[in-house]
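Every number here is computed from the coordinates shown, using simple stated rules; none is lab data. Note that this is a predicted model, so its numbers are computed, not measured. Please note: Cβ atoms are built from the backbone with ideal geometry, for glycine as well, and neighbour counts cover all protein chains shown.
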Amino acid sequence: MSNNDYVELAADTNQAIGIARFAIDFLSDEPGKAGEPDDSVLERTRMFHTDAVLCGLSALALGTNAPSVLRREALRYALGEDATPIGRAAHAGATVFGSDVAVHPEKAILANSAAVREWDSNGTNFGFNPRLGHTAGEFGHNDFYPVCVAAAQLAGLNGADALRAMVCLDEIRGRLSEVFSLKTYKVDHVVHGAIASAAVFGAILGATQEKIESAIGMTVAHYIPFRAIRAGKQLSDSKGSSAAISTEVAIMAVRRSMDGFLGPRDIFRNPEAIFRIFEGPGQMFTAVKKPPSNTENADASPFNLVLTRAGNDFAVMGMHFKLGLYEHQSAGAIQAMMNLVSKTPSLLSDVDGGQIKKIRIVAYEPAFGIIGDPAKRDPKTRQSADHSMVYIVATLLRKALEKKTSGWTELMLEPDDYGPEAIANARTRSLMEKIEFAHGGPDYDARYPDGIPTSVIIEDANGGLHDSGLVMYPGGHARNTDAPLKDILDHKFALLGALAFDNPKPIIDRFENLPSLTADEIRTLHDFELQTRSGYE
């Protein structure tokens, strides 16, 4: 790697302009400035995109509420043939999944981003870059690819261009997640993705760096979502649609800026914006007091930001796949359970779990606080069930007992595992009562977010103990080298695709072949008929 492979935005510079410049350069074809990700980076991003799309299509096919509502909303914003394109765009509108109708791009992005996020089963990042000491540990998810597709549809770009834009967007939001923990201050993690979305969308549509800076400033100053959307005993549609709604307003901000509206400048150094309110020079709130991290300059942001331009050291390479439907904090426990029942199949001999007396799960914060919350021991909705450690593990175990098998493909958690009948399943509820969840303390906490440190001990009916040992890198984790990732993802794509199509293979192949699609094929990327059934909550 050479120094030219990286772009550093120092804390004492205007980082909003820097992010805008990075996106414009990355998506150009100027030698030494344009993005040059290795094939491994493009391949991984393509896999994450296909994963996100299949999650979204299956959520729409099963009539889930928020994606259906927001898709209907988007289609009400259809554009006529005389609509004026944005900036240097060739077309005025973008499309939603399962339609060829051109709609306002922010509405297409809203609908498609909500769909891909609905199952909470697409990719995840943990904001961890020990090479640079950037370990803020903010969550994030691959919810924002619809921004790149919509922008490509507007600008007449091909699939390879759209894929490179996805790499750029993941790089910006992923690196922001490494240097600033929004969740620490009860701000939702989607802010990082909204900033990246404004930068990439603006760059593709020909916005100047000043226009993009204005849009980032508006996004941060006007539209900050708090984690209130994720709080409560039973979660709502707002939780799954947070990225979509924040991205909608980010794209609106870009359009406004390109029309001449002036938003706040230099937002990362603004002493009353969220970054310096909480950290760095002039910090206003002291609940989590932190000294300036990079400089004593009284006019600096709290962090330096390092973005990769070329090679294979991109943020997306550290992001994790979910091998089914579950909250990512539970992946260590899922892997530990699979390991235990595979090693001791006699634990599965009684379909009701009679060979299992007790299950003790030990994990780290924030897993213990988020999915071990006692309020989530009795989930009533899908959004609460998929954030309940005891429900997730009990459902996995129920499937293992019924199938007498183990493994990611055999036991993959799918939408029906979170439907009303599954949530009320008597066998699952009985198994939930056998599970206790404990915080592992400083030793476990220190190993996160490098891994997902979790251990499980099963006490059998005879008092024997079966210990998984510490699981750090479960299947799907970026540092897991044991699980056959491609085979498992192929199974996941087929499983979810079958919910939306009688024959999902042509649609899966369409998205798997994204890099080879022409501009015309990108324009019609979403033109297919979904097989839908209503009534799924």
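Where in segment 34-90 are there trypsin sites (Lys or Arg not before Pro) that are in a DSSP coil and have at most 13 other Cβ atoms within 10 angstrom of their Cβ? Mind showing how you got there, number by number?
On the way: sites: Arg44, Arg46, Arg71, Arg72, Arg76, Arg88; in loops: Arg76, Arg88.
Those satisfying the criteria are Arg76, Arg88.
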| task | Determine the relative contact order of segment 328-467: mean sequence separation of Cα pairs under 8 Å and six or more apart, normalised by residue count, in whole percent. | result | 41
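Taking 0.36 nm per residue of separation and subtracting the Cα-Cα distance, what length does fully extending Phe285 through Asn4 add? Don't skip to the answer; put the middle values down first.
Working: separation 281, 0.36 × 281 = 101.16 nm, distance 3.78 nm.
That pair, Phe285 and Asn4, stretches by 97.4 nm at full extension.
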| Calculated FRET efficiency for the pair Glu210/Asp445, C-beta based, R₀ 45 Å, to 0.05 | 0.60
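At a Förster radius of 45 Å, what calculated FRET efficiency corresponds to the Cβ-Cβ distance of Lys404 and Arg227, to the nearest 0.05?
On the way: r = 41 Å, r/R0 = 0.91.
Efficiency, rounded to the nearest 0.05: 0.65.
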| said: For the chain, take the longest principal axis of its alpha carbons; what is the angle in degrees between that and the long axis of helix 145-155, to the nearest 10 within 0 to 90? | reply: 30
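Rounded to whole Å and ordered largest first, report the semi-axes of the equivalent ellipsoid of segment 42-97 derived from its Cα gyration tensor (root of 5λ).
On the way: eigenvalues 130, 79, 8 Å².
Equivalent-ellipsoid dimensions as semi-axes: 26, 20, 6 Å.
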| Over the chain, relative contact order from alpha-carbon pairs under 8 Å, at least 6 apart, % | 21
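Take the alpha carbon gyration tensor of segment 328-467, find the square roots of its eigenvalues, order them as a ≥ b ≥ c, and report rounded if a/c is under 1.5; if not, report prolate when a/b exceeds b/c, else oblate. Please list the in-between numbers first.
Working: a/c = 1.57, a/b = 1.14, b/c = 1.38.
Verdict is oblate for segment 328-467.
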| field | Formal net charge of residues neighbouring Glu512 (Cβ-Cβ distance under 14 Å; K, R +1; D, E -1) | value | +1
| field | Cross-link reach list, lysines versus Lys376, counting only Cα pairs under 20 Å and skipping chain neighbours closer than eight places | value | Lys183, Lys186, Lys233, Lys239, Lys358, Lys434
| Asp460: net charge of surrounding residues, Cβ under 15 Å, Lys/Arg +1, Asp/Glu -1, itself excluded? | +1
| In degrees, nearest ten, helix 389-403 long axis to first principal axis of the chain (Cα) | 60
| query | Using Cα atoms only, what is the angle between the long axis of helix 65-75 and the major principal axis of the chain, expressed in degrees (0 to 90) to the nearest 10? | reply | 20
| field | Potential lengthening between Ala160 and Glu421 on full extension [0.36 nm per residue; Cα-Cα distance subtracted] | value | 89.7 nm
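Among bridges DSSP assigns within segment 328-467, what percent are antiparallel (round to 5)?
Details: 9 of 14 bridges.
The answer is about 65 percent antiparallel.
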| message | Give the separation of the Cα centroids, segment 469-537 to segment 321-350, in Å. | response | 22
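In what sequence, highest mean first, do 461-471, 445-455, 54-64, 484-494 appear when ranked by Cβ atoms within 10 angstrom?
On the way: 461-471: 14.1, 445-455: 20.1, 54-64: 25.3, 484-494: 16.6.
Descending mean neighbour count gives 54-64, 445-455, 484-494, 461-471.
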| field | Under 5 Å, built H, 5+ apart or other chain: amide partners of Ile356 | value | Ala461
| note | Net charge (Lys, Arg +1; Asp, Glu -1) of residues whose beta-carbon lies under 11 Å from that of Val341, Val341 excluded, is +3
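Can you check how the C-alpha radius of gyration of segment 1-100 compares to 2.2 N^0.38 Å, as a plain ratio? Mind showing how you got there, number by number?
Details: Rg = 19.0 Å, N = 100, 2.2 N^0.38 = 12.7 Å.
Working it through for segment 1-100, the quotient is 1.50.
Could you tell me the calculated FRET efficiency between Ala461 and Asp527, based on Cβ-Cβ distance and R0 = 56 angstrom, to the nearest 0.05?
According to the calculation, E is roughly 0.50.
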| said: Give the average over all directions of the projected area of the C-alpha convex hull of the chain, one decimal, in nm². | reply: 23.0
